[in-house]
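Note sheet for the following structure.
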Protein chains: 2
Amino acid sequence: MDITTKFSDKVKHLEASAIREIFKLLAKPGIISFAGGAPDPELFPKKEFAELAKEILEKDGNTALQYGITEGYAPLRTWVKNRLVSQGVLKDTDDVIIGSGGQQGIDLATKSLINPGEGIVCEEPSFIGGLNCFRSYNAELYGVPVLDDGIDTEALEETLKAHKNIKVLYTISTFQNPSGITISLEKRKKILELAEKYDFLIYEDNPYGELRFEGEEIPTLKSMDKAGRVIYFGSFSKILAPGMRLGFVSAPAPLLERMIICKQTEDVHTNVLSQMIAYEFVTRYSIDDHIKKLRAAYGKKCRLMMDAMDKYFPAEVKHTCPEGGLFLFCTLPVGFDSKELMKKALERNVAFVPGTSCMIDDKATYNTFRMNYSTASEEDIEKGIKALGEVIYEFLGK
Amino acid sequence: MDITTKFSDKVKHLEASAIREIFKLLAKPGIISFAGGAPDPELFPKKEFAELAKEILEKDGNTALQYGITEGYAPLRTWVKNRLVSQGVLKDTDDVIIGSGGQQGIDLATKSLINPGEGIVCEEPSFIGGLNCFRSYNAELYGVPVLDDGIDTEALEETLKAHKNIKVLYTISTFQNPSGITISLEKRKKILELAEKYDFLIYEDNPYGELRFEGEEIPTLKSMDKAGRVIYFGSFSKILAPGMRLGFVSAPAPLLERMIICKQTEDVHTNVLSQMIAYEFVTRYSIDDHIKKLRAAYGKKCRLMMDAMDKYFPAEVKHTCPEGGLFLFCTLPVGFDSKELMKKALERNVAFVPGTSCMIDDKATYNTFRMNYSTASEEDIEKGIKALGEVIYEFLGK
């Protein structure tokens, strides 16, 4: 029997995440990869986690290993909520649930909100995991360019005028993946105005917000949201460890309730041991001190990468200058295909993510690429950018 | 803004799992609950897990805490596959992926296969988590009664004749939840014949199969499947610990590939630390010895519960006699509503799951209820059944 004849309309058209496919190539020994989006594993609090895991399993293994609550491990849920309230992101009346990574929040919200053919506006470039999630629910995707101060709000309004089926705007408001760009305060206000005017919801995906190493904090869209239009996604992946698969969502209560029902049918609840480890870590140790360490390390690596690019890349290759997060975004001169560059780079044992993986029309050709500076060692950043510079010089025929 | 006006058609009609809502009532101190489906926490290998977790985080924390592979931690995946091959469930050419619990496999398969309005035949009674998952994709559900030797295959054929939209049969083939009943070998053959004749797929959900404490093994549907129609779901929840959220699926390769893409958009990958703990446990210790212990304990508890029922319940109340698994199913005389009985029982600090939670039409009235014997202590089984017997005598007006 040919199983492919049985596929649902939701998955017929889906393709594997190009980024995750690239990851498979990276098993090649000796490769320096700027392709991932992974935190620096040297900064994982491994020793603390090892002690905590042992203690939790010995003292409260019956809780850690038994079925848990769909909404999340109650102490962790409360801790997350209180932290977001103290940061001004949430009001005291808001609620939070824990998910299996930030990704699950996006999935549950989309399942709960989007009918096939309904529209989601995405920043272009954007996060492949978001785009593919929306595709898996047969959403219609509309791209709006990202400028230096965030999404082009004029183009956004044009898009909203042109398409009456738009239900959601998806934005990674701070240190965007892949561009590293942060939406300015004025634009945030404008976006909320447009949401009222055109009656849409906002997914504010903020996994990197805590990783600011330069500049001033800007209030989240969620903190300025008076109408209950913003669904806020956060994550422990970048501030603790992604392998734990811990994220959180805040949304209007009736939506959270639907999302919980969907989570029951999706994975029943989130891994309990990891929730307990995270909770014990954030309460026994200073999460702010830990984040301070991350900020310093990533700030240093980011500057190192930008300095190396300025030294080894042709002047025509531009890059963004992020104030936080894990990524910067490069642009080749017009007409050069970063996918082709990727092939040449892989031959020289350097990898990045071609812009095409971050675009709605992923069949077209783009002259952009994403560079991650968090995973590679400082030494490899220098070495890898030098090698990539040589590849680019050749590629541009210089 | 009223968020409920924005809900998708998928979730508008969904209701929270009544079972999980019941769980919230059970926080009441002193309650004896036969409502859950949880393994006995005293049998969790806590000490071993504590040592393993510590060792893994200390020695290989970079792997345990970093992003992992969507398909699952490779050594665990291989181990699961080899075990299923050695049990005769899979062929050597079959493949397996790890999911966040058995539930996620059911969700990913359904997302990949079911369009709104397509039909899924379910055993009645069946597992609420399965039913709700299908509902969340707007499947049309058709119920077929479970007889003493499994699903009524004549009624199944009538259903298949009457409804041309049926794409999947969902069966918990062995020690069914909630009935405890196992499908006979002849019926398994018949089901596979019908699948060919009426061109449908089979979800064989087998989380309890390893927990046989009496009678002879019966080959899985998957092991007899020549046409590639069976999608097989397994779980570590009942043989190790549910809080880890570890399950597995085997399906035809093109379907597995779609499911992996869906998993990327759902939770990226399964918790790595738990996969590593499970792998180290099953390779360093004897999983078969561990399962032997579980079988003995659950067999003893099941007999204890049946004996207590025979002693304390009115003779008109019937129960199934499972040869394994975690549940048995009781039937009150015709006309008595087990939901009403549940209210009375809760007043007396005893809980179970009313049959209505296991039925497609969950608004109707049923005289059945599910009893779990794995979670409560032996002492509580005796005490709880005695109390429940008194409630039933009163309820039946005797």
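Of the residues B:Asp107, B:Asp94, which single one is in a helix (DSSP H, G or I), touching a residue at least 24 places away in the same chain (Cβ under 8 Å), acidic (Asp, Glu) and in the same structural domain as B:His269 (by TED's automatic domain parsing)?
Matching residue, one of B:Asp107, B:Asp94: B:Asp107.
Counting just the residues of region B:182-209 that are among the charged types (D, E, K, R) and in a helix (DSSP H, G or I), which one comes out farthest from the chain's Cα centre (by Cα)? Outline the logic, then answer.
First pass over region B:182-209, keeping only residues among the charged types (D, E, K, R): B:186-190, B:193, B:196-197, B:199, B:204-205.
Checking the rest, the ones that are also in a helix (DSSP H, G or I) come to B:186-190, B:193, B:196-197.
Working: B:Glu186: 23, B:Lys187: 20, B:Arg188: 18, B:Lys189: 22, B:Lys190: 23, B:Glu193: 25, B:Glu196: 26, B:Lys197: 27 Å.
Here the residue is B:Lys197.
Mind listing whichever residues of region A:196-217 are crowded, with 17+ Cβ neighbours inside 10 Å, touching a residue at least 60 places away in the same chain (Cβ under 8 Å), more than 14 Å from chain B (Cβ to nearest Cβ) and of a type in the set (Asp, Glu)?
Result: A:Glu210, single match.
Kindly provide the set of residues from region A:238-267 that are surrounded by fewer than 24 Cβ atoms within 10 Å (Cβ to Cβ) and in a loop (DSSP other than H, G, I, E, B), ordered by number.
A:Ile239, A:Pro252
Name every residue in region A:24-54 that is among the aromatic types (Phe, Trp, Tyr) and assigned to a helix (DSSP H, G or I), in order of residue number.
Selection gives A:Phe49 alone.
In region B:136-160, which residue that is touching a helix residue (DSSP H, G or I) at 6+ places or on another chain (Cβ under 8 Å) and assigned to a helix (DSSP H, G or I) is surrounded by the fewest Cβ atoms within 10 Å (Cβ to Cβ)?
Our first condition is that a residue be touching a helix residue (DSSP H, G or I) at 6+ places or on another chain (Cβ under 8 Å); within region B:136-160, this holds for B:136-137, B:139, B:141-142, B:144-145, B:149-151, B:153, B:156-157, B:160.
From the residues that got through so far, the ones that are assigned to a helix (DSSP H, G or I) too are B:136, B:153, B:156-157, B:160.
Working: B:Ser136: 25, B:Thr153: 21, B:Leu156: 23, B:Glu157: 16, B:Leu160: 21.
Once the filter is applied, the top-ranked residue is B:Glu157.
Just one of A:Lys222, A:Lys238, A:Lys263, A:Lys293 is within 21 Å of the chain's Cα centre (by Cα) and not assigned by TED's automatic domain parsing to the domain that holds A:Thr110; which is it?
Exactly one residue qualifies, and that residue is A:Lys293.
Return a yes/no flag: does region B:378-393 have any residue that is of a type outside the set (Ser, Thr, Tyr), within 18 Å of B:Asp307 (Cβ to Cβ) and within 18 Å of the chain's Cα centre (by Cα). Let's see the steps before the verdict.
Step one: list which residues in region B:378-393 are of a type outside the set (Ser, Thr, Tyr), which gives B:378-392.
This time we only want the ones that are within 18 Å of B:Asp307 (Cβ to Cβ), so: B:378-390, B:392.
Those left that are additionally within 18 Å of the chain's Cα centre (by Cα): none.
No: region B:378-393 contains no residue that is of a type outside the set (Ser, Thr, Tyr), within 18 Å of B:Asp307 (Cβ to Cβ) and within 18 Å of the chain's Cα centre (by Cα).
Just need a number here: residues in region A:271-285 that are more than 7 Å from chain B (Cβ to nearest Cβ) and either surrounded by 21 or more Cβ atoms within 10 Å (Cβ to Cβ) or not β-branched (Val, Ile, Thr) (or both). Show your work before the answer.
Let us first name the residues in region A:271-285 that are more than 7 Å from chain B (Cβ to nearest Cβ), namely A:275-285.
Okay, now just the ones that are also either surrounded by 21 or more Cβ atoms within 10 Å (Cβ to Cβ) or not β-branched (Val, Ile, Thr) (or both), so A:275-281, A:284-285.
So the answer is 9.
Restricting region B:26-80 to residues that are under 21 Å from the mean Cα position of the chain (by Cα) and at the interface with another protein chain (Cβ under 9 Å from one of its Cβ atoms), which is nearest to A:Pro242 (Cα to Cα)?
Going through the qualifying residues, I end up with B:Phe44.
The values are calculated or read from the model by the stated rules, or taken from the named source; none is laboratory data. Predicted model only: the values in this text are computed from it and were never measured. Glycine gets a Cβ as well: all are built from the backbone with ideal geometry, and neighbour counts include every protein chain shown.
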